[in-house]
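First up is the structure itself, then whatever we jot down about it.
The values are calculated or read from the model by the stated rules, or taken from the named source; none is laboratory data. Model, not experiment: these values are computed from the prediction. Glycine also receives a Cβ, built like all others from the backbone with ideal geometry; neighbour counts cover every protein chain displayed.
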């Protein structure tokens with residue numbers, strides 16, 4: 001394993017992911033000074049008070065100066081804007097990575113926004129879900145979690161090695177794939193379920209809000225991720241909308257078939273589809 | 001609290017609910033002999049071996065004879081057929097109840113099928129979810145769970161009191177409501193989420209089955225109930241199809257709006273809808 005250490009780290013977005021990243025780095029002795037950037041000064045000062053970051057700034061044009069490693073951990077919709085702001089501050093040889101749930105075109109856009117003296121490698125740690133914010137920060141968040149790294153034909157091999165070693169040092173299992181492939185996969189297994197969880201809650205509210213008093217464990221499980229940050233998921237869904245619309249259309253076809261079976265009281269077809277899903281879901285294990 | 005004891009109990013369907021009911025009754029000293037009925041003799045013998053039931057039968061025309069309490073805990077689609085079969089076996093004053101997730105017309109149908117000498121009161125313990133079968137049986141399953149009891153204008157007051165006392169003695173919190181109201185509520189908060197969980201799993205399988213390897217905690221939570229018994233949920237969905245189709249239509253409207261916002265890159269509307277759902281879901285607490 002490549003031994004890594006970053007004298008100075010800048011983290012943009014000190015929420016669940018950003019704060020957990022800092023705690024994970026510090027607890028493993030992988031960094032010196034950590035600078036925290038965000039819009040909310042109160043949140044930043046709370047992070048500093050708790051020793052999660054060592055200095056703070058709300059100025060996107062000043063963040064990242066002299067840093068060896070910069071992590072984008074704000075909602076993905078702000079990545080391009082922020083990269084434009086801090087690009088010129090980046091020092092020679094700085095490595096930029098991110099924790100965004102969308103890759104695809106965004107990776108190529110960030111590559112272009114970063115000056116040649118710095119290097120960007122996209123990453124997506126598969127961690128967190130319905131919890132958000134500083135208070136949920138956890139130094140072990142990335143331990144045993146998967147981290148998808150999305151190099152392109154433009155990626156600097158040394159920077160790729162550094163970013164791979166970094167996430168591995170935080171305990172993550174690394175999977176490398178093309179940015180476009182990442183977005184097709186996560187549209188299906190993550191972005192669709194989030195969108196649907198939000199839609200189910202609103203459906204009950206539209207039907208009769210008092211019905212929510214009768215929800216059981218099934219409803220709670222199915223809609224748990226509807227408690228996820230609406231800003232984060234707004235950005236993810238908008239940015240991956242082409243893949244998401246494709247998978248929504250496949251979902252609609254499945255739901256339309258179910259509706260047709262219900263209207264026709266076609267027990268056999270309904271049972272066949274339920275059984276197919278059950279077998280696949282059981283294959284994923286109980287958790 | 002009314003003190004209750006049933007000399008002889010018959011349980012139709014010795015799966016998660018039926019077996020847990022028997023264990024709960026026995027462990028609280030609420031019954032003498034328990035007869036188990038099912039289609040699968042092997043399952044029944046295993047239940048007898050483990051002391052969950054004391055005698056077994058696979059004959060629907062013979063079950064319930066001389067029993068003071070009869071519980072229907074098979075998939076709801078079989079209730080009417082079974083009631084027709086055992087109706088004439090019921091003894092004077094026998095109380096029939098059930099654990100079905102569908103009430104509505106079924107309650108009135110069962111009232112008609114039972115001879116005047118016996119009394120039927122519908123019940124729906126809100127327990128279990130993705131687990132099923134004898135092996136998951138638990139004497140504490142109904143403890144602190146809600147149990148909806150659905151009396152009608154035809155219900156015998158003594159039988160209603162007995163059934164209420166019974167579920168209360170098993171530790172459940174009793175809610176009484178009209179059978180039709182029950183079905184409208186549970187179409188929203190239970191039957192829709194189950195149908196959708198099955199549809200999400202099949203959607204990923206239709207898109208690319210290998211994507212399932214990338215599912216995280218959010219997908220696992222959202223689809224946990226897709227591991228539920230396909231036979232049970234086939235029956236529930238078919239029997240409550242009118243209410244379920246109504247709520248699917250409301251869900252479709254929500255999903256269509258989301259799709260429209262995605263196509264238009266309308267972040268504000270998407271965020272507003274996500275925020276509404278998030279606030280409601282957070283109101284239900286973390287579990």
Checking the structure you have, find out if any residue of the stretch B:199-219 is assigned to a helix (DSSP H, G or I), at the interface with chain A (Cβ under 8 Å from one of its Cβ atoms) and within 21 Å of residue B:72 (Cβ to Cβ). no
From (1) out of contact with any strand residue (DSSP E or B) (no Cβ under 9 Å at 6 or more places or on another chain); (2) more than 21 Å from residue A:273 (Cβ to Cβ); (3) buried (at least 19 other Cβ atoms within 10 Å of the Cβ), pick out the condition that doesn't hold for residue B:213. (3)
Residue list for the stretch B:142-171, restricted to those being free of Cβ contacts under 8 Å to residues at least 12 places away in the same chain and part of a loop (DSSP other than H, G, I, E, B): B:153
Of all residues making up the stretch B:127-141, the number that are without any contact (Cβ under 8 Å) to a residue 40 or more places away in the chain and part of a loop (DSSP other than H, G, I, E, B): 0
Residues that are in a helix (DSSP H, G or I) and touching a strand residue (DSSP E or B) at 6+ places or on another chain (Cβ under 7 Å), drawn from the stretch B:102-111: B:107, B:110, B:111
Considering each residue of the stretch A:256-287, count those that are within 12 Å of residue B:206 (Cβ to Cβ) and within 8 Å of chain B (Cβ to nearest Cβ), and give that number. 4
In this structure, is residue B:114 farther than 14 Å from residue B:13 by Cα, surrounded by 24 or more Cβ atoms within 10 Å (Cβ to Cβ) and in contact with a strand residue (DSSP E or B) (Cβ under 8 Å, 6 or more places away or on another chain)? no
Return the residues of the stretch B:247-274 that are surrounded by fewer than 16 Cβ atoms within 10 Å (Cβ to Cβ) and assigned to a helix (DSSP H, G or I); say none if nothing qualifies. B:249, B:253, B:256, B:260, B:263, B:268, B:269, B:272
Inside the stretch B:117-131, can you point out the residues that are surrounded by fewer than 18 Cβ atoms within 10 Å (Cβ to Cβ) and closer than 22 Å to residue B:190 by Cα? B:131
Looking only at the stretch A:172-185, decide whether some residue is in a helix (DSSP H, G or I), within 7 Å of chain B (Cβ to nearest Cβ) and at pLDDT 95 or above. yes
Single unsatisfied condition, residue B:171 versus (1) surrounded by 20 or more Cβ atoms within 10 Å (Cβ to Cβ); (2) farther than 27 Å from residue A:176 by Cβ; (3) over 16 Å from the mean Cα position of the chain (by Cα): (1)
For the stretch B:104-111, indicate whether the set of residues that are touching a residue at least 60 places away in the same chain (Cβ under 8 Å), within 13 Å of chain A (Cβ to nearest Cβ) and more than 22 Å from residue B:65 (Cα to Cα) is non-empty. no
Considering only strands (runs of 3 or more DSSP E) wholly within the stretch A:21-101, the ones with at least 1 residues that are buried (at least 24 other Cβ atoms within 10 Å of the Cβ) and touching a residue at least 12 places away in the same chain (Cβ under 8 Å) are A:31-37, A:69-72, A:95-98
Got a number for residues in the stretch A:234-251 being over 18 Å from residue B:251 (Cβ atoms), facing chain B (nearest Cβ under 7 Å) and either more than 18 Å from the chain's Cα centre (by Cα) or at pLDDT below 95 (or both)? 0
